[in-house]
1. Step by step: first the residues of the stretch 48-63, then only those that are more than 18 Å from residue 98 (Cβ to Cβ) and of a type in the set (A, V, I, L, M, F, W, C), then the one that is surrounded by the most Cβ atoms within 10 Å (Cβ to Cβ). Which residue is that?
2. Could you list, in sequence order, the residues of the stretch 110-120 that are farther than 12 Å from residue 188 by Cβ and buried (at least 16 other Cβ atoms within 10 Å of the Cβ)?
3. Does residue 180 satisfy the condition of being acidic (Asp, Glu), within 18 Å of residue 114 (Cβ to Cβ) and touching a residue at least 40 places away in the same chain (Cβ under 8 Å)?
4. Mind listing whichever residues of the stretch 69-120 are among the basic types (Lys, Arg) and either in a strand (DSSP E or B) or in contact with a Pro (Cβ under 8 Å, 6 or more places away or on another chain) (or both)?
5. For the stretch 180-200, name all the residues that are at pLDDT 70 or above and part of a loop (DSSP other than H, G, I, E, B).
6. Of all residues in the stretch 81-119, how many are touching a residue at least 40 places away in the same chain (Cβ under 8 Å), among the β-branched types (Val, Ile, Thr) and over 30 Å from residue 148 (Cα atoms)?
7. Anything in the stretch 71-101 that is surrounded by 14 or more Cβ atoms within 10 Å (Cβ to Cβ) and at positive phi? List them, or say none.
8. Only one residue in 76, 62, 70 is in contact (Cβ under 8 Å) with a residue 60 or more places away in the chain and not assigned by TED's automatic domain parsing to the domain that holds residue 159, so which one is that?
Amino acid sequence: MRGAVLLLSLCFCICAADQQQTPPGGFATRDQRYRIQANDVIEVQFRYTPELNFTATVQPDGYVSCQAAGDVSIAGLTITEASTAIAAKAAVRLKDPEVTVLLKDFVKPHFVVAGEVNHPGTYDLRGDVGIIQAIAMSGGFKDSAKRTQVVLVRKANAEYAEVKVFDMNKRMSPEEVREDITLRPNDMLIVPRNRISKIEPFMRFTSLGLYGLSMGLP
């Protein structure tokens, strides 16, 4: 678990050295429409050629295989965007295809709590769950936790994740407890042991990516 925190700290350092422009948007502006993930199950319907309709599970690499369109990358797309992407590739073989994508099953919403908590891991996101509740669900802080620097990592787009740091000693006070931040699917909370000297507001995904980091948790 500490290795995951150290690895994330390394990502911060990489991001700090990256001189490219910081992406727009943030916690309040993220697109809320559902985006397709690996292992989601979709049904694809062709209006004028129903014999080409099919149901498929999105592969780990984000692709689905379609008789009319070949392999199409749809992970990270909304349902509407996936319909457009499949129709665009199918247009090589079909004249003006109209494609509808239906989400039949999906990866259940979850969040991750890592680091210096008693029960780190992945938790189902059911209803509104705030940072304070998430810490409680993970068994609370260890004595070694750096409570003044709890890190929230949230995917902003396909390339960046937004990073915010919260002083939980202050946020758990009676004055601020009602203003808790509500978690979103795939959010990651990291409770470090040591003080993190510098954290950039955005981090670029490395080859591991946010989800690879999550998968490395016990």
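The values are calculated or read from the model by the stated rules, or taken from the named source; none is laboratory data. Source: prediction; values computed, not measured. Every residue, glycine as well, gets a Cβ built from its backbone with ideal geometry; the counts of neighbours run over all protein chains shown.
1. 58
2. First, pick out the residues of the stretch 110-120 that are farther than 12 Å from residue 188 by Cβ: 116-119.
If the condition is that a residue be farther than 12 Å from residue 188 by Cβ and buried (at least 16 other Cβ atoms within 10 Å of the Cβ), then 116, 117 are the ones that fit.
3. When the stated conditions are applied, residue 180 does not pass them.
4. Matches in the stretch 69-120: 104 only.
5. Selection gives 180, 181, 183, 184, 185, 186, 187, 192, 193, 194, 195.
6. The qualifying residues number 5.
7. Correct list: 76 only.
8. Working: 62 fails: in contact (Cβ under 8 Å) with a residue 60 or more places away in the chain; 70 fails: in contact (Cβ under 8 Å) with a residue 60 or more places away in the chain.
So the residue among 76, 62, 70 that is in contact (Cβ under 8 Å) with a residue 60 or more places away in the chain and not assigned by TED's automatic domain parsing to the domain that holds residue 159 is 76.
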